[in-house]
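Please read the structure below before turning to the comments.
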Amino acid sequence: MPSSLCGTWDMVSNVNLEGYMITLGISCYLRKIAQKLKQRKVIEQQGDLYIIKTISTFRNYVFSFKVGQEFEEFTQGLDNRHVMASEICSLVTWEGNKLVCQQIGEKKNRGWTHWIEEDKLHLELYCEGQVCKQVFKKNVNE
Ligand code: YOG
């Protein structure tokens, strides 16, 4: 059974957000703002429904899904693209202890992977060969 991802997690590192944002076509202006943000993840589970909130002082992004079920996602406020299930993929799955999301859409080889390692929440966001690696530590006061 994978360790629980649930809780409030504060960003401690963020490597190559720039490369990831460039592949997504984010403007220079928004990239500069995004680089300065200390993102927070609030991850909740209600039955088989997961809710991942990405929170910052500039903008928030909320994504909810059921593991193994197809979904459509509109990345509102990020790069504003629609990504969705293909016939061959169920989109968020557990691969061992990693929660893996494939974001099928206009951008090739796009998705993310979350896992816990040494009490930290790890996230890789990838798109077209660029990988942004983020690490979060648990905020026990929230
Ligand atoms: O999370 O896919 O946890 O949905 C990474 C920054 C900045 C907007 C967000 C908003 C994407 C301008 C990853 C920052 C850069 C820059 C906070 C969200 C795009 C636009 C919302 C994500 C997954 C995995 C769950």
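The values are calculated or read from the model by the stated rules, or taken from the named source; none is laboratory data. Note that the structure is a prediction, hence the values are computed from the model and not measured. No Cβ is skipped: glycine too gets one built from the backbone with ideal geometry, and neighbour counts run over all protein chains shown.
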Of the residues Glu87, Glu118, Glu95, which single one is at pLDDT below 95 and either among the aromatic types (Phe, Trp, Tyr) or closer than 17 Å to Lys41 by Cβ (or both)? Glu118
Among the residues of the stretch 1-37, count how many are among the small types (Gly, Ala, Ser) and under 16 Å from Leu121 (Cβ atoms). 4
Name the residues in the stretch 91-119 that are within 25 Å of Ile33 (Cα to Cα) and surrounded by 14 or more Cβ atoms within 10 Å (Cβ to Cβ), would you? Gln103, Lys107, Arg110, Gly111, Trp112, Thr113, His114
Assuming Lys137 fulfils every condition listed in (1) surrounded by 18 or more Cβ atoms within 10 Å (Cβ to Cβ); (2) more than 10 Å from the ligand (Cβ to nearest atom) apart from one, which condition is it? (1)
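Tally the residues that are touching a residue at least 60 places away in the same chain (Cβ under 8 Å) and more than 15 Å from the ligand (Cβ to nearest atom), restricting the search to the stretch 119-134. Before the answer, list the steps.
Looking only at the stretch 119-134, we keep the residues that are touching a residue at least 60 places away in the same chain (Cβ under 8 Å), and these are 120-121, 123, 125-134.
Those left that are additionally more than 15 Å from the ligand (Cβ to nearest atom): 129.
Number of matching residues: 1.
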For the stretch 32-73, enumerate the residues that are within 11 Å of the ligand (Cβ to nearest atom), surrounded by fewer than 13 Cβ atoms within 10 Å (Cβ to Cβ) and outside any helix (DSSP H, G or I). Lys38, Thr57, Phe58, Val62
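Take Lys36 and decide whether it is at pLDDT 95 or above and either of a type in the set (Asp, Glu) or in contact with a His (Cβ under 9 Å, 6 or more places away or on another chain) (or both). Talk me through it step by step, then tell me what you get.
Details: at pLDDT 95 or above: yes; either of a type in the set (Asp, Glu) or in contact with a His (Cβ under 9 Å, 6 or more places away or on another chain) (or both): no.
The answer is no for Lys36.
For the stretch 18-31, what are the residues that are within 9 Å of the ligand (Cβ to nearest atom) and either aromatic (Phe, Trp, Tyr) or assigned to a loop (DSSP other than H, G, I, E, B) (or both)? If you could, list the steps in order and put the result at the bottom.
So in the stretch 18-31, the residues within 9 Å of the ligand (Cβ to nearest atom) come out as 20-21, 24, 26-27, 30-31.
Result: Tyr20, Leu24, Ile26, Ser27.
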So for the stretch 76-90 (the condition being farther than 17 Å from Ile51 by Cα, surrounded by 17 or more Cβ atoms within 10 Å (Cβ to Cβ), without any contact (Cβ under 8 Å) to a residue 24 or more places away in the chain and within 14 Å of the ligand (Cβ to nearest atom)), does at least one residue qualify? no
